[in-house]
1. Across segment B:686-744, which residue is farthest from residue B:637 (Cα to Cα) among those that are part of a loop (DSSP other than H, G, I, E, B), more than 14 Å from every other protein chain (Cβ to nearest Cβ) and of a type in the set (A, V, I, L, M, F, W, C)?
2. Just to be sure I understand the filter: pairs with C-beta atoms under 7 Å, separated by 6 or more residues or on different chains, first member in segment B:561-573 and of a type in the set (D, E, K, R), second member part of a loop (DSSP other than H, G, I, E, B). Which pairs pass?
3. Would you mind telling me which numbered condition in (1) more than 18 Å from the chain's Cα centre (by Cα); (2) under 25 Å from residue B:81 (Cα atoms) residue B:874 fails?
4. Failed condition for residue A:88, given (1) touching a residue at least 40 places away in the same chain (Cβ under 8 Å); (2) β-branched (Val, Ile, Thr); (3) over 25 Å from residue B:700 (Cβ atoms), with all others met?
5. Going by the conditions given, is residue A:57 part of a helix (DSSP H, G or I) and surrounded by 13 or more Cβ atoms within 10 Å (Cβ to Cβ)?
6. Going through segment A:35-55 one residue at a time, which ones are at pLDDT 70 or above and more than 25 Å from residue A:121 (Cα to Cα)?
7. How many residues are more than 16 Å from residue B:212 (Cβ to Cβ), in a loop (DSSP other than H, G, I, E, B) and of a type outside the set (Gly, Ala, Ser) when one looks only at segment B:104-155?
8. If only one of B:671, B:636 is within 30 Å of residue B:762 (Cβ to Cβ) and over 34 Å from the mean Cα position of the chain (by Cα), which one is it?
Amino acid sequence: MEKGKAIMGSGRRWGVEFTDNSAAPSSRDIPDPPGFTRSSHDQDDSTANKQKKDSEANWKLKKAWEVAQAPFKNFLMMGFMMWMAGSTVHLFSIGITFSALWQPISALQGVSKVFEPYKDNKVELLGPKLVYIALNLVALGLGVWKLNTLGLLPTHASDWVSSLPPAQEVEYSGGGIPLF
Amino acid sequence: MAMAIRARVLLLFAVFFSFSYLTFSLYQDQVSLMDWHQQYIGKVKHAVFHTQKAGRKRVVVSTEENVIASLDLRHGEIFWRHVLGANDTIDEIDIAIGKYVITLSSGGNILRAWNLPDGQMVWESILPGSTASRSILSIPTNLRVGKDDLIFVYGSGNLYAFSSIDGEVLWKKDLASEGIDVQQLIHPHGSNTVYALGFIGSLHFGTFEINVKNGELLKHDKVAFSGGFCGDISFLKSDIAVALDSTRSVLVTIQFKEGEISFQQAHISDIVPDSSGVAAILPSKLTEMVAVKVKKSIIFIKLTNEGKFVVMEKVDHTAIVSASLSISESEQSVALIQRRDSKIQLTVKLVSDWSSNLIKETIEMDCQRGLAHKIFLNNYIRTDRSSGFRALIVMEDHSLILVQQGKIVWSREDGLASITDVTTSELPVEKDGVSVAKVEHSLFEWLKGHVLKLKGTLMLATPDDVAAIQRLRLQSSEKNKMTRDHNGFRKLIIVLTRAGKLFALHTGDGRIVWSVLLNSLRKSETCEAPNVLKLQQWQVPHHHAMDENPSIFVLGRCGPSIDAPGVYSIVDAYTGKELNSLGPFHSISQVIPLPYTDTKEQRLHLLIDAEWRAHLYPRSSEALAIFQRELGNTYWYSVEADNGILRGHAAKENCVLQVPDEYCFDTRDLWSIVFPSESEKIIGTATRKLNEVVHTQAKLLADQDVMYKYISKNLLFVVTVAPKAAGDIGSVTPDESWLVVYLVDTITGRILHRMTHYGSQGPVHVVFSENWVVYHYFNLRAHRYEMSVIEIYDQSRADNKDVLKLILGKHNLTSPISSYSRPEAVTKQQSYFFTHSVKTIATTSTAKGITSKQLLIGTVGDQVLALDKRFLDPRRTLNPTQAEKEEGIIPLTDSLPVIPQSYITHALKVEGLRGIVTVPAKLESTTLVFAHGVDLFFIRLAPSKTYDSLTEDFSYALLLLTIVALVVAIFVTWILSERKELQEKWR
């Protein structure tokens, strides 16, 4: 299917790009129409542009915080599912537990990716990132705790001695009732 | 029973049901797939032929295993068979009125009639009485009282007349009060009297004449003989007997015509020149002549009409004489068997014309059958109206052979009915270089078989196909190969029989691979009355001694007493060749296999003699060095059941003997436990099997807790009862009866556990495995059988619960332990009612000890019941918690369930069941079970299902077909999708 898409993509011969944000005139092949000066237009908009950029940064920060808090909701839902799954080992509870473990881990792996859209020089993303990581770690902890309640963690003596062979005996004795 | 006859449509469901943990059931078509069953009868004592009428010719036999059976004379197959109880010894058998087999058993106390064609019991009469006497069964021909044919029985000192129709006692005459030891009942043809003849004391001979109609004593007479009688007597005619005097050198002719007794005597040395010494009269029932054994020969002496003795023939003492057989009104014939090297010579002679032989045949005889022991002669009329003879011969190895026209018509290996000990051996490893043709053939066969199986699975098979599938399964050559297999299912079962013969049976189909009559265990000049003791594995080669054959250690003793000299043989387990034998040497009271082997993988054995000296075998300097090194750690114990003493011993320095023997060690007493003789009597002991493998020392509980099992090979389970209660069940009141069980450490003599069951009584059957003991006894108060379980746990290890230490390995759980460290043991115990009385109990054993265990209970009905060990778990409670249920604890019930599907013998019976032996296969889930008694039964069991392999009837073809179909489907869909995409692109 992937292949088919690619073929279809390259199948286009031409296209018209109506949106062109590039400011540098040199990048264009076609000259500006007469009476239109790009620079003046830019200057006119500069204040508005700046304002817009500020609000965008604010918006990004806000969004980043939202993203950082997202695991919390996830976390509550997971807790509810875990409670529903019970403490016995069966397919459902194992599935829940492993997803509870896998989600935080994959989320942690993709921290930078998650915050990529909000990357900005003006936006301080450290706070949201830390919160995000902390919440994911808590979720991971919850998963491990669940794993333990299922008895799948080797935290008991029984897990370490279950296959211990019997100790050898120093002495040997045989005999019994005389043979008849 | 396990014959789950279910519709094929339900098969799928049934498979799912069978996965439920409790059942061990199998389908009807699985019978004899993993099991085999063989029927035997034992060493024949008496045989009565029934060949008069047309139809099936048969011989009715009674045996030393208390079996009465009717055998087909043509093939030796069993028509019917009854195994009487262990104490119900058969004294006499005969055929009455042409349709009943009459047996007299239990020392003349029980008379039974069996229907001749089908073996149904017709009637049974109990003859009360406890006076020990001979038991004589006499069925006169043509004696009718009213409509009844009479049967005379002498037993317990009484003479009875029975009606042969319904077994009713017509009259009874007490003869014991007259002091007569009746030797023979004689009913002269056509008369109305029966004579009871016998010795009165050692000096008198007496006759009692009794009216057959009412048992009235008509006349009795006794005459003293000054020389006295020794007891040997032979009745030549209806009025003449020959007896031996008390010096055993004078033959006394006794005539008792018309109630008058007269004696005549003749010295044997006068009759037979150059024969001196003590004589004995052979017990064969001969007429008109007597066979006397003097020193090393048998002399046939005929009494002439003038009352003179004439010697007819003198033969070697190994000859066997049959009873005389009347072939016509006046002619009597006798068969003789003599040994001629590897052959036997059968001669049939007429008593009236001894010099000529009716038959003289030499028969090639397998030398592993030994000498002939008994012969039963029968005649038939040939087409040319002359009489032919057939002879039933019982050999030294207890096998039964029918000889006719100089050929062996059939033979039965009935020695296998009296197995005394069992061990197993691996088969040889398969050698490389199998020919291609064979592979191709087997590949074709394999494919054909699987196609058939597939048909069966898809319900397309015709009845013929089903039969073919069944046949294929049965004779699948795979299971009968003579090489070791990957799963360890193919082994040799090596059994020692009471006759001193060793058999190797193949586990695949139970056929005899080899058999050998051990010379060291045969009667010889140095060993007068040999009996077999034990079978041990001597050499089990693996690793570096792979090229050697495994061998078996057979022990015997020359005589019945404990201080009789011992003998041993070492036998190659692959070929049955006797590699080495020794004896007679010192006495043997104990055999202790030691846990050490030498470089040739020979196991060291200690033989303890009657004076408690230990003798080391094999006698090699290497073995001696090993033993000297381990001397300080080797102990042994003795159980003196009669004195109620347990003793612990250890080997000391070499014995002080006239002939110095460096392999002999004196022993010293270390400890003793004396049970009070007025309150306790030892009735049984049990230990763990030496070769048992235990997987783990920890028992995990549901709450993640650990209990450490007390696993020791040096534990002895001892059962004592109140001396009064040592008899049969019900012989004492519950208040006088108790049962005490002990667990004793045999190194230190420490009693780890003691428990009293008040109001209980033996017999006790025990099985001891891992850290648990299960025993079966009778509860007099509840009037029921009970089974109890004791589990032993090591309390001194219970503190090892620190996870960090365990992770780091800082614990001493695997370090060697000594009994002298006095580990503290705690026990858990529980009792349950059990429905059956039990003959023997065993437990399954697997290669690694991981698979859960089943108890194998030999029930009184001669079947083997598999009972999950979890039913005998002392931690069972009435309401187990969820966690305990998960652990597999079954809610407590007062009695153990007997699930009909869990009889591993399914529809079969192992008649006269005596022992159950389990051997692990290489496949962890599987164990091999061999049950023996009069019959043999073998089955492969998987106590927790075969979790580590696919079942044998798994359809590989179906799997293959599915895979091929899937691959084809993948390709087809791929091509289709390609095509579709292309079309999409063109659109």
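1. From segment B:686-744, those part of a loop (DSSP other than H, G, I, E, B) are B:687-697, B:701-705, B:710-714, B:722, B:727-733, B:737; that's our starting set.
Now narrow it down to the ones that are more than 14 Å from every other protein chain (Cβ to nearest Cβ): B:722, B:727-733, B:737.
Within this subset, residues satisfying the condition of being of a type in the set (A, V, I, L, M, F, W, C) are B:722, B:729, B:732.
On the way: B:722: 23, B:729: 30, B:732: 32 Å.
Looking at residues that are part of a loop (DSSP other than H, G, I, E, B), more than 14 Å from every other protein chain (Cβ to nearest Cβ) and of a type in the set (A, V, I, L, M, F, W, C), I get B:732.
2. Listed pairs, sorted by first residue: B:563/B:610; B:572/B:549.
3. Answer for residue B:874: the failing condition is (2).
4. Among (1) touching a residue at least 40 places away in the same chain (Cβ under 8 Å); (2) β-branched (Val, Ile, Thr); (3) over 25 Å from residue B:700 (Cβ atoms), the lone unmet condition for residue A:88 is (3).
5. Yes: the conditions hold for residue A:57.
6. Correct list: A:35, A:36.
7. Taking segment B:104-155 first, the residues more than 16 Å from residue B:212 (Cβ to Cβ) are B:104-135, B:155.
Narrowing the set further to residues that are in a loop (DSSP other than H, G, I, E, B) leaves B:106-109, B:116-120, B:127-135.
Within this subset, residues satisfying the condition of being of a type outside the set (Gly, Ala, Ser) are B:109, B:116-118, B:120, B:127-128, B:131, B:134.
Count: 9.
8. Being within 30 Å of residue B:762 (Cβ to Cβ) and over 34 Å from the mean Cα position of the chain (by Cα) holds for just one of B:671, B:636, which is B:671.
The values are calculated or read from the model by the stated rules, or taken from the named source; none is laboratory data. Remember, predicted model here, so these are calculated numbers, not experimental data. Cβ: placed from backbone, ideal geometry, glycine included. Neighbour counts: every protein chain shown.
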